[in-house]
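Participant: Input: one structure, supplied below.
Every number here is computed from the coordinates shown, using simple stated rules; none is lab data. All of these numbers come straight from a predicted model, not from anything done at the bench. Glycine gets a Cβ as well: all are built from the backbone with ideal geometry, and neighbour counts include every protein chain shown.
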There are 2 protein chains.
Amino acid sequence: MQRLEDRILKDGVVKGGNILKVDSFLNHQIDVSLYDEIGEEFHRLFKDEPVTKVLTVESSGIGLAVATARAFGVPALFAKKNRTRNIDGEVYSAAVESFTSGITYTIIVSKRFLTTSDHVLIIDDFLAKGQALLGLLGIVNQSGASVAGCGIAIEKGFQEGGKLIRDKGIRVESLAIIDSMEDGIIKFRR
Amino acid sequence: MQRLEDRILKDGVVKGGNILKVDSFLNHQIDVSLYDEIGEEFHRLFKDEPVTKVLTVESSGIGLAVATARAFGVPALFAKKNRTRNIDGEVYSAAVESFTSGITYTIIVSKRFLTTSDHVLIIDDFLAKGQALLGLLGIVNQSGASVAGCGIAIEKGFQEGGKLIRDKGIRVESLAIIDSMEDGIIKFRR
């Protein structure tokens, strides 16, 4: 997606450890009109799928999932990290290791919100090692729902996550795929 | 806001410990059109303020802040809990105790995204003891920005947070104020 790639080149900052900071527009401060355009683009890509729910994991996926859910006219749903006092009852859960923080946490979704009749589009801001997507796919599997695919804003094409998920036969649509960012120079896949 | 109150009565579940579960539409599964209406209502209430940014704290405030920021045509910004590898540099920070989890955590906002020229509308899904709002107000104070006010979806009027914040001279607009939920019966303030 041209607007997203342009914005990454303009405002993204490459840090050591394969970190790309996009916190001025994507995952700390949020450019709402860019979010809306991303949501519309995921709708364009997946509009032939009978999507019933848009699923993500907190926190930075939430706004993108809401924008996408709006385009489809369906509810958004976000997996929560860890268990707090006000999710009780039965949950689907998966263990996820965060690329960014290095911490392993549990993500959970209430069983009330995913059923065998759901067709789920999974959304996230980044795809790197694929651990968050694997966790979300595990939760959808547990529920018996089907998967429409995964919509990702920024895929780090030089890490293994994209191949890992696509090799499972899951459709992954990434709006910007970065093939390298050596010496701070971002190169997109064509 | 009538639609929000109606939805709370229809789908909210009162639990022990003054917990109101609204996870089927507000903070786990999300009714996107309700979010949009909430965002428009906050805009209606605060439209005379020259708001430059809409601030919240992850996670359940994010979608509401994005909906509100869209109505104002300004960026949304969410404070992050704890420090992860990809927020570096200088940050504003505050300690917050969560009513829901009982855990005290640090919330941070990059200094790049709040300056003395900002006029900030703070948004959150719940106001109970007011600790999250106090933390966000502290961050805005540190930045030298001014505060337009606080927009809250659901205020627990029987807890002290609303009075605490209003007594500081901060305008707080809550779309549904619950005065009691004894025996599972929700009573709204008129």
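Participant: Just the number, please: Stokes-Einstein D of region A:2-188 in µm²/s, Kirkwood Rh from C-alpha pairs, 37 °C, 0.692 mPa s.
Facilitator: 198
Participant: Kindly rank A:149-162, A:65-78 from highest to lowest mean number of other beta carbons found within 10 Å of each residue. Walk me through the intermediate numbers first.
Facilitator: Working: A:149-162: 22.3, A:65-78: 24.4.
So the peptides A:149-162, A:65-78, ranked by packing, come out A:65-78, A:149-162.
Participant: At 7 Å along the Cα-to-beta-carbon direction for both A:Val13 and A:Arg190, put a label point, then send me their distance in nm to one decimal.
Facilitator: That separation, rounded to one decimal, is 3.0 nm.
Participant: Mind checking B:65-74 for the average number of partner chain beta-carbons within 10 Å of each residue's beta-carbon? Kindly include the intermediate steps, with their values, before the conclusion.
Facilitator: On the way: counts 4, 9, 5, 1, 7, 6, 1, 1, 2, 1.
Taking all residues of B:65-74 together, the mean is 4.
Participant: So, one more: Quick one: which residues, 5 or more positions from B:Ala79 or on another chain, have an amide H under 5 Å from its amide H? H modelled 1.01 Å from N in the peptide plane, none for Pro or chain starts.
Facilitator: B:Thr56, B:Val57, B:Glu58
Participant: Moving on. For B:Thr116 paired with A:Ile170, estimate the spin-label separation in nm (one decimal), with each label point 7 Å from Cα along the Cα-to-Cβ line.
Facilitator: Reported label-point gap for B:Thr116 and A:Ile170 is 4.9 nm.
Participant: Top mean-square fluctuation among B:Lys129, B:Lys80, B:Lys111, Gaussian network model of chain B, C-alpha springs under 10 Å?
Facilitator: B:Lys111
Participant: Under a point spin-label approximation (7 Å from Cα along Cα-to-Cβ), what is the B:Glu97-A:Glu182 distance to one decimal in nm?
Facilitator: Spacing of the two 7 Å Cα→Cβ label points: 5.3 nm.
Participant: On a 0 to 90° scale, report how tilted helix A:32-46 is relative to the longest principal axis of chain A, with both axes built from alpha carbons and the result rounded to the nearest 10.
Facilitator: Compared with the principal axis, the helix lies near 70 degrees.
Participant: Take peptide B:17-25, look around each residue's Cβ out to 10 angstrom, count Cβ atoms belonging to other protein chains, and average those counts.
Facilitator: Across the residues of B:17-25, the mean count of other-chain Cβ atoms within 10 Å is 3.
Participant: In terms of Cα to Cα distance under 28 Å, which lysines are near enough to A:Lys21, apart from those fewer than 8 places away along the same chain?
Facilitator: Partners found: A:Lys10, A:Lys80, A:Lys81, A:Lys129, A:Lys156, A:Lys163, A:Lys187, B:Lys53, B:Lys80, B:Lys81, B:Lys111.
Participant: Under Stokes-Einstein, with the Kirkwood radius over Cα pairs standing in for Rh, what whole-number D in µm²/s applies to the protein assembly as shown at 20 °C and 1.002 mPa s?
Facilitator: Result for D is 102 µm²/s.
Participant: If you take every residue apart from A:Gly157 with its C-beta less than 12 Å away from the C-beta of A:Gly157, what net charge results, scoring Lys and Arg +1 and Asp and Glu -1?
Facilitator: Details: positive: A:Lys156, A:Lys163, A:Arg166, A:Lys187, A:Arg189, A:Arg190; negative: A:Glu155, A:Glu160, A:Asp179.
Net charge around A:Gly157: +3.
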